Amino acid sequence: MANNSLKAPRRFATGDLLKVVAAMLMVQASVGASLIEHTMLSLDTIDSSRAEALLDSGGGLAVGLAFLFRIWANVAWPIYAFLGVQGFLYTSSTKGYLIRVAIFALVSEIPYDLAMSGQWFNWADQNGMLSLLIGLVGLTLSEELSRRSKSYMPRVAMLVGCTLWAWLLRTQFGHFVVPAMFAFFYLEEREMLRSLVVVALGLLVVPSSGLMALTVIIPAALACLLLHWYNDRPPIINKWVWYGLYPLHLLILGIVALVK
């Protein structure tokens, strides 16, 4: 990546700042999904009929908060996709990076299942670290295959294949995160185009949700605006803090779900 801190000294968004913002949004999204939707409202999803019934019974505030938290979560996934790619670009060992993400994806799964469903094992959906892992594996294979061929087909094949795997496994935000990671990596020097691609991923929900796509498109646009101000200054906060925060906050929510 070009040295943005030299080209644009006014850019204020360090990697640490992006991680703080993404972590705050991630935690609140988990609180909304686990404590409000699952524990308080006993909802798997907020559909219109169930929401209307809850509104009639005085649960409007809880429904509104859950819906708001879901919208804010759509600011977080582009940031995590971007940070995942930054780690991929600058890691001293791609293999070591993949192993770390894989370990934390595995460690996070039971806490995620507990937090989101109150069950020790729930195959209905998988945690967000697995989305990052699928994207990173796809980029690794794409780069390796591209070295052996001048064709763009390996990149296209990995993009489509990994996005499908994320969708089939129902990883958290996977069908958004994986293509966003490919956009951030292969359009690294074309900021406007990559931002348009990431924002346009909200159109993936149009067939099933119509205007609800705006709840993805607008937050994703806000995330890309923040990423525009990114600079590449070295991080201050230890990386293990960010790795550990994800399973730890899910574990706490999972314990709450068990004892409710």
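The values are calculated or read from the model by the stated rules, or taken from the named source; none is laboratory data. Values in this document were obtained by computation on a predicted structure and should not be read as measured data. Here the Cβ positions follow ideal geometry from the backbone for every residue, glycine too, while neighbour counts run over all protein chains shown. Heads up: the accessible areas ignore ligands, DNA and RNA and are worked out on the full protein's heavy atoms, side chains in. Shrake-Rupley method; radii C 1.70, N 1.55, O 1.52, S 1.80 Å.
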*List every residue pair whose Cβ atoms lie under 9 Å apart, where the two residues are 6 or more positions apart in sequence or sit on different chains, the first residue falls within segment 183-205 and is under 17 Å from Asn74 (Cα atoms), and the second residue, located anywhere, is of a type in the set (Ser, Thr, Tyr) and modelled with pLDDT under 90.*
Gly202/Thr215; Val205/Thr215
*Test Leu25 against the criterion of being of a type in the set (A, V, I, L, M), surrounded by fewer than 18 Cβ atoms within 10 Å (Cβ to Cβ) and either over 14 Å from the mean Cα position of the chain (by Cα) or at pLDDT 85 or above (or both), and give yes or no.*
no
*Any hit, segment 60-81, residues being under 18 Å from Ser34 (Cβ atoms), charged (D, E, K, R), at pLDDT below 95 and open to solvent by less than 20 Å² (accessible area, probe 1.4 Å)*: no
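With the requirement that a residue be assigned to a helix (DSSP H, G or I) and without any contact (Cβ under 8 Å) to a residue 24 or more places away in the chain, what does segment 91-118 give you? First the steps, then the outcome.
Residues of segment 91-118 that are assigned to a helix (DSSP H, G or I), as a first pass: 94-117.
The answer is Lys95, Gly96, Ile99, Ile103, Leu106, Glu109.
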*For residues that are closer than 14 Å to Gly84 by Cα and of a type in the set (A, V, I, L, M, F, W, C), scanning just segment 94-118, find the one that is most open to solvent (accessible area, probe 1.4 Å).*
Ile99
*Would you mind listing the helices (runs of 4 or more DSSP H) fully within segment 119-227 where at least 1 residues are surrounded by fewer than 23 Cβ atoms within 10 Å (Cβ to Cβ) and modelled with pLDDT of 90 or more?*
128-147, 153-169, 174-186, 191-200
*Residue list for segment 228-250, filter: of a type outside the set (A, V, I, L, M, F, W, C), open to solvent by 70 Å² or more (accessible area, probe 1.4 Å) and assigned to a loop (DSSP other than H, G, I, E, B)*: Arg233, Pro234, Pro235, Asn238
